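Taking it in order: structure first as structure tokens, then the write-up.
The values are calculated or read from the model by the stated rules, or taken from the named source; none is laboratory data. Note that the coordinates shown come from a computational prediction; the quantities given were computed from them, not determined experimentally. Here the Cβ positions follow ideal geometry from the backbone for every residue, glycine too, while neighbour counts run over all protein chains shown. These accessible areas exclude ligands, DNA and RNA; they are computed on the full protein's heavy atoms, side chains included. Shrake-Rupley method; radii C 1.70, N 1.55, O 1.52, S 1.80 Å.
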Amino acid sequence: MSAIQPPAQRVWWKQPVHKEEILWIVIAFAWCLVMFFMMPYWHVYGKQNLSSETYRVTPALFQKAAEEMVAKYTVRTETDEKIPVVHPPAGADIYLIARLWAWWPILELEQGKTYRLHVTAMDYQHGFSLQPENINVQVLPGYEHVITVTPNRAGTYSILCNEFCGIGHHKMVSKLYVK
Ligand code: CUA
């Protein structure tokens, strides 16, 4: 069979399939199923993907909640921009704002305590990346992403923006303290 001499039997799907070919189709299909079910399995047992909840929110509402937290629990300020460092009580709802090109405020958490971390963007899409833990969450304006976190190691973590957001993207870095 070739293009110069086309096959006599043109209705190819009515021709018998070779045993070996059937075997490969079965193997490939079984592997597809394995990979498909790995997705939910790995989400639960892989210990790497955080389950987050997402709600609609307006920037103004979110900012109000964040400002209330900052007003109550600020313990000091850092950097030339005087970014507040907030030490909320264990178990609290905590708020983090992403905007061009900063994270606000700086959070100081207690080791072994569980918090509800709310994140949103004020303007464009940003990416919350906590290093070196490598926790990554998309941050979208108009949406409040809520992640239940229990920091299990003390230290100073870096927060980076990992979604390109313009000329100051590389400067959009912050810290998170766990004590
Ligand atoms: Cu924000 Cu990149």
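Suppose only helical runs count, i.e. DSSP H with n ≥ 4. What mean residue ellipticity at 222 nm does that imply for the chain under -39500 (n - 2.57) per run, divided by all residues and rounded to the nearest 500 deg cm²/dmol? Write down the numbers at each step before the final one.
On the way: 2 runs with 42 residues, N = 179.
My calculation for the chain gives -8000 deg cm²/dmol from helical runs alone.
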Quiz item: Where is the GNM fluctuation largest for the chain (alpha-carbon springs, 10 angstrom cutoff): ALA60, ALA102, ALA30?
Solution: ALA30
Quiz item: Got a number for carbon plus sulfur as a percent of region 52-178's accessible area, 1.4 Å probe?
Solution: 53
Quiz item: Contour minus end-to-end for GLU53 and LYS171, with contour as 0.36 nm per residue of separation and end-to-end as the Cα-Cα distance?
Solution: 39.7 nm
Quiz item: With every protein chain in place, what's the accessible area of ARG153 (1.4 Å probe, Å², nearest 10)?
Solution: 140
Quiz item: Hey, if we sort HIS87, HIS43 by accessible area with the 1.4 Å probe, largest down, what's the order?
Solution: HIS43, HIS87
Quiz item: When the chain is modelled as a GNM with alpha-carbon springs shorter than 10 Å, which of LYS82, LYS47, LYS19 fluctuates the most?
Solution: LYS19
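Taking the solvent-accessible surface of protein heavy atoms with a 1.4 Å probe, what is the per residue accessible area of the chain in Å²? Kindly include the intermediate steps, with their values, before the conclusion.
Values: 12010 Å² over 179 residues.
For the chain, the solvent-accessible area averages 67 Å² per residue.
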Quiz item: If ligands, DNA and RNA are left out, what is the accessible area of ASP123 with a 1.4 Å probe, given in Å² to the nearest 10?
Solution: 50
Quiz prompt | Cut-off 20 Å (backbone N to label point 7 Å along Cα→Cβ of PHE164), residues of region 122-156 | solution = 123-129, 137-141
Self-check item: Normalised contact order of region 52-178, rounded percent, pairs of Cα under 8 Å and 6 or more residues apart
Solution: 26
Quiz item: Pairs of lysine in the chain with Cα under 20 Å and at least 8 positions apart or on different chains: total?
Solution: 11
Quiz item: Going by accessible area, probe 1.4 Å, with all protein chains left in place, what is the ranking of ARG99, ARG10, largest first?
Solution: ARG10, ARG99
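To the nearest 20 debye, what charge dipole does region 52-178 have about its Cα centre, counting +1 at the Cβ of each Lys and Arg and -1 at the Cβ of each Asp and Glu?
Numbers: 11 positive and 13 negative charges, 20 e Å.
Rounded to the nearest 20 debye, it is 100 debye.
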